[in-house]
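Chemist: Structure below; questions to follow.
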Amino acid sequence: MKINDIDYNIKFNLRSMLLFEQITGKIFEIKTLTDEYILFYACILANNKDTNMTFDDFLNHVDEHPELFIEFSEILKAENERRMILMDQSKKK
């Protein structure tokens, strides 16, 4: 995903969930729009160690390009579907 002409690796993984908890100071749970945007930002930071993007820079860019949030939502949906399949397979064993 490109943000400010830089390609970022966006993954929803354990690292991004832990970073979400560090940023928010609360247990990982997505309840609000703010939580969703913080998770998006955490996914960027967790998987792109060399980035120096601030949360303010991130919000400014996503505000100008709302399609990025839609793309992120699709990434989350695909990952959740993958995890559900894996859980179903492990229950059958």
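The values are calculated or read from the model by the stated rules, or taken from the named source; none is laboratory data. Computed from a predicted model, the values in this text were never measured in an experiment. A quick note on method: Cβ atoms are made from the backbone with ideal geometry, for glycine too, and the neighbour counts reach across all protein chains shown. Remember, those area values only see protein heavy atoms, side chains included, never the ligands or the DNA or RNA. Shrake-Rupley method; radii C 1.70, N 1.55, O 1.52, S 1.80 Å.
Chemist: Restricting to DSSP H runs of at least four residues, report the calculated mean residue ellipticity at 222 nm for the chain, -39500 (n - 2.57) per run over all residues, nearest 500 deg cm²/dmol.
Modeler: Details: 4 runs with 62 residues, N = 93.
Calculated at 222 nm, the ellipticity per residue is -22000 deg cm²/dmol.
Chemist: Further question on the same structure: Can you work out the FRET efficiency for the pair Met17 and Asp56, with r the C-beta to C-beta distance and R0 = 35 Å, to the nearest 0.05?
Modeler: That pair, Met17 with Asp56, gives E of 0.95.
Chemist: Going by amide H atoms built from the backbone, whose H comes under 5 Å of the H on Ile3, apart from near neighbours?
Modeler: Long-range HN contacts for Ile3: Tyr8.
Chemist: Any idea what the dipole of the chain comes to, in debye rounded to 20, about its Cα centre with Lys/Arg Cβ at +1 and Asp/Glu Cβ at -1? Walk me through the numbers on the way to the answer.
Modeler: Values: 12 positive and 17 negative charges, 177 e Å.
Approximately 840 debye in magnitude.
Chemist: Taking the chain, how many lysine pairs are there with alpha carbons less than 18 Å apart, if each pair must be eight or more places apart or span two chains?
Modeler: Here the count comes out as 5.
Chemist: So, one more: Carbon-plus-sulfur fraction of the accessible area of the chain, 1.4 Å probe, in percent?
Modeler: 53 percent
Chemist: Based on the Cα atoms of the stretch 22-76, what semi-axes does the equivalent ellipsoid have, where each is the square root of 5 times one gyration tensor eigenvalue, given in whole Å with the largest first?
Modeler: Listed largest to smallest, the semi-axes of the stretch 22-76 are 17, 15, 11 Å.
Chemist: With equal scatterers on the alpha carbons only and no solvent term, can you work out the Debye log10 of I(q)/I(0) for the chain at 0.18 1/Å?
Modeler: -0.83
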